[in-house]
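Enquirer: There's a structure below that I have some questions on.
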Amino acid sequence: MAQDLALAYGERIVIEHLDLAVPAGRITAIVGANACGKSTLLRSMSRLLAPRAGTVLLDGRAVHRTPAKELARTLGLLPQSPIAPEGITVADLVGRGRHPHQGVFSRWSRDDDAAVAAALEATQTTTLADRAVDELSGGQRQRVWIAMALAQQTDLLLLDEPTTFLDVAHQVEVLDLLTDLNRTRGTTIVMVLHDLNLAARYADHLVALAGGRVHAAGEPTDVLTEDCIRAVFGLESRVIVDPTSGRPLMLPLGRHHTTSAAGTA
């Protein structure tokens, strides 16, 4: 939960007077135009960026006052374009997701092995376990990073554009995986997505940012409307019912298609 949050880089204010409630045990997707503050908001929610004003609360505690290792046992983060140490193997990188569960004197356990194996299997990266991460394709690397986040086994998972570098089949695969994680473990998931239709299909709760504030928040049918898309993205569109999911489906109207699209609406 964010309360009266203000975030800035130096003198440049990105988010101001933002209030946000994330439903526990559900999937929330944050959408908005480029540079509207989506990634910045996620960085603050994960304690990577201290607020200029306001606070971010997790279970009633300010995340920026919670010790990093303690927070990492509850909250996992997959940032944009993470960088792996040179030469590290897939298995070793995914294993780093277990570090928050290691004490000063504790050793690697069977539970750690099981968590890593389950994360590799869930992301279909088991066969890549012995390969160096820097040898993989962009899509393979993205799945490996998601595996590391899954191995962390947190109650809350923040993902910044988790479908980046993935083709459409793997995008659906990853979002299905996150949905399974939410339904089987009850993991609260908050993710930034660029694809409005995938966001509407997979999210229980949609948040649209504009001008550094929450423009609309709620169920996808209430947020993904033609008026909201116009206000947030400056884009004319038609919103229909997705025949597959029953969720809203956005059809953008470009300059070369507006007349024909409008004529069949």
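The values are calculated or read from the model by the stated rules, or taken from the named source; none is laboratory data. These numbers were taken from a predicted model, which means no experiment stands behind them. Because the Cβ atoms are built from the backbone with ideal geometry, glycine has one as well, and the counts that use them run over all protein chains shown. Ligands, DNA and RNA are excluded from the accessible area calculation, which covers all protein heavy atoms including side chains. Shrake-Rupley method; radii C 1.70, N 1.55, O 1.52, S 1.80 Å.
Enquirer: For the chain, take the longest principal axis of its alpha carbons; what is the angle in degrees between that and the long axis of helix 110-122, to the nearest 10 within 0 to 90?
Expert: Around 30 degrees separate the two axes.
Enquirer: If you roll a 1.4 Å probe over the range 1-50 with all protein chains in place, what percent of the accessible area is carbon or sulfur?
Expert: 50
Enquirer: So what J values fall out for the range 90-100 if you push phi through Karplus, 6.51 cos²θ - 1.76 cosθ + 1.60 with θ = phi - 60°, rounded to Hz, Gly and Pro as x?
Expert: Whole-Hz 3J(HN,Hα) from phi for the range 90-100: 4, 4, 5, 5, 4, x, 5, x, 8, 4, x.
Enquirer: I want to check the label-to-label distance for Glu86 and Arg107. Put each point 7 Å from Cα in the C-beta direction and report it in nm to one decimal.
Expert: 3.3
Enquirer: Here is a further query. May I ask you to derive the relative contact order of the chain, considering only C-alpha pairs under 8 Å and at least 6 residues apart, and to give it as an integer percent?
Expert: Across the chain, relative contact order equals 23 percent.
Enquirer: Right, something else. With viscosity set to 0.890 mPa s and temperature to 25 °C, compute the Stokes-Einstein D of the range 7-164, Rh being the Kirkwood radius across alpha carbon pairs; µm²/s, no decimals.
Expert: 145
Enquirer: Let me ask something additional. Which semi-axes, in whole Å and largest first, does the equivalent ellipsoid of the range 124-168 have when worked out from the alpha carbon gyration tensor as the square roots of 5 times its eigenvalues?
Expert: Three semi-axes, in Å: 19, 14, 8.
Enquirer: Further, regarding this structure: What's the magnitude of the charge dipole for the chain around its Cα centre, counting Lys and Arg as +1 and Asp and Glu as -1 at the beta-carbon? Answer in Debye, nearest 20.
Expert: Around 500 debye, computed over the chain.
Enquirer: Let's see if you can work this out: charge +1 on each Lys and Arg Cβ, -1 on each Asp and Glu Cβ, no other charges. What is the dipole magnitude of the range 113-265 about its Cα centre, in debye to the nearest 20?
Expert: Charge dipole of the range 113-265: 380 debye, to the nearest 20.
Enquirer: Follow-up question, since we're still on this one. What relative contact order, as a whole-number percentage, does the range 1-128 give when Cα pairs under 8 Å and 6 or more residues apart are counted?
Expert: This gives 20 percent for the range 1-128.
Enquirer: Find the eigenvalues of the gyration tensor of the Cα atoms of the range 70-128, then list the square roots of 5 times those eigenvalues as equivalent ellipsoid semi-axes, largest first, in whole angstrom.
Expert: 19, 16, 12
Enquirer: Based on alpha-carbon atoms only, what is the radius of gyration of the range 1-87 relative to the globular estimate 2.2 N^0.38 Å?
Expert: Working it through for the range 1-87, the quotient is 1.13.
Enquirer: From the phi angles alone, apply the Karplus equation (6.51, -1.76, 1.60; θ = phi - 60°) to the range 30-41 and give each ³J(HN,Hα) in whole Hz, x where the residue is Gly or Pro.
Expert: Once rounded to whole Hz, the list reads 9, 10, x, 5, 4, 6, 8, x, 4, 5, 4, 4.
Enquirer: Along the positive direction of the dipole of the range 9-148 (beta-carbon charges: Lys, Arg +1; Asp, Glu -1; about the Cα centre), which of Ala114, Val56, Thr40 reaches farthest?
Expert: Val56
Enquirer: Could you please state how large a percent of the accessible area of the range 156-265 is carbon and sulfur, counting protein chains only and using a 1.4 Å probe?
Expert: 52
Enquirer: What whole-number distance in Å separates the alpha-carbon centres of the range 46-107 and the range 194-262?
Expert: Measuring centre to centre over Cα atoms gives 32 Å.
Enquirer: Would you mind calculating the gained length between Thr179 and Ser137 on full extension (0.36 nm times residue separation, minus the Cα-Cα distance), in nm to one decimal?
Expert: Residue separation times 0.36 nm, minus the Cα-Cα distance, leaves 12.7 nm.
Enquirer: For n ≥ 4 DSSP H runs only, could you compute -39500 (n - 2.57) per run for the chain, divide by its residues and tell me the 222 nm figure to the nearest 500?
Expert: Result for the chain: -9500 deg cm²/dmol, rounded to the nearest 500.
Enquirer: Next question, about the same structure. Helix 138-151 against the longest principal axis of the chain: what's the angle in degrees, Cα atoms only, rounded to the nearest 10?
Expert: Orientation of helix 138-151: about 60 degrees from the principal axis.
Enquirer: Bin by bin, in steps of 10 Å, what percent of the Cα pairs in the range 123-240 do you find, going until the bin that has the longest distance?
Expert: So the P(r) values, bin by bin, are 12, 40, 31, 14, 3.
Enquirer: Any idea of Leu249's accessible area? Nearest 10 Å², probe 1.4 Å.
Expert: 40
Enquirer: If I fit a long axis through the Cα atoms of helix 168-185 and take the longest principal axis of the Cα atoms of the chain, what angle between them do I get, 0 to 90°, rounded to 10?
Expert: Taking the Cα atoms of the chain, the angle to 168-185 is about 70 degrees.
Enquirer: Write down, largest first, the equivalent ellipsoid semi-axes of the chain in whole Å, where each equals the square root of 5 times an eigenvalue of the alpha-carbon gyration tensor.
Expert: Value: 33, 23, 16 Å, ordered largest first.
Enquirer: Also, I was wondering about something else. Could the peptides 76-88, 147-159 be put in order, highest first, of the mean number of other beta-carbon atoms found within 10 Å of their residues?
Expert: 147-159, 76-88
Enquirer: Let me ask you something else. Explain nothing, just the number: relative contact order of the range 99-212, from Cα pairs under 8 Å at least 6 residues apart, as a whole percent.
Expert: Result for the range 99-212 is 23 percent.
Enquirer: Mind checking which of Pro51, Pro243, Pro162 has the largest fluctuation in a GNM of the chain, springs on alpha carbons under 10 Å?
Expert: Between Pro51, Pro243, Pro162, it is Pro243 that shows the largest mean-square fluctuation.
Enquirer: Work out the FRET efficiency for Gln3 and Asp130 from their Cβ-Cβ distance, taking R0 = 41 Å, and round it to the nearest 0.05.
Expert: In this case the efficiency is close to 0.35.
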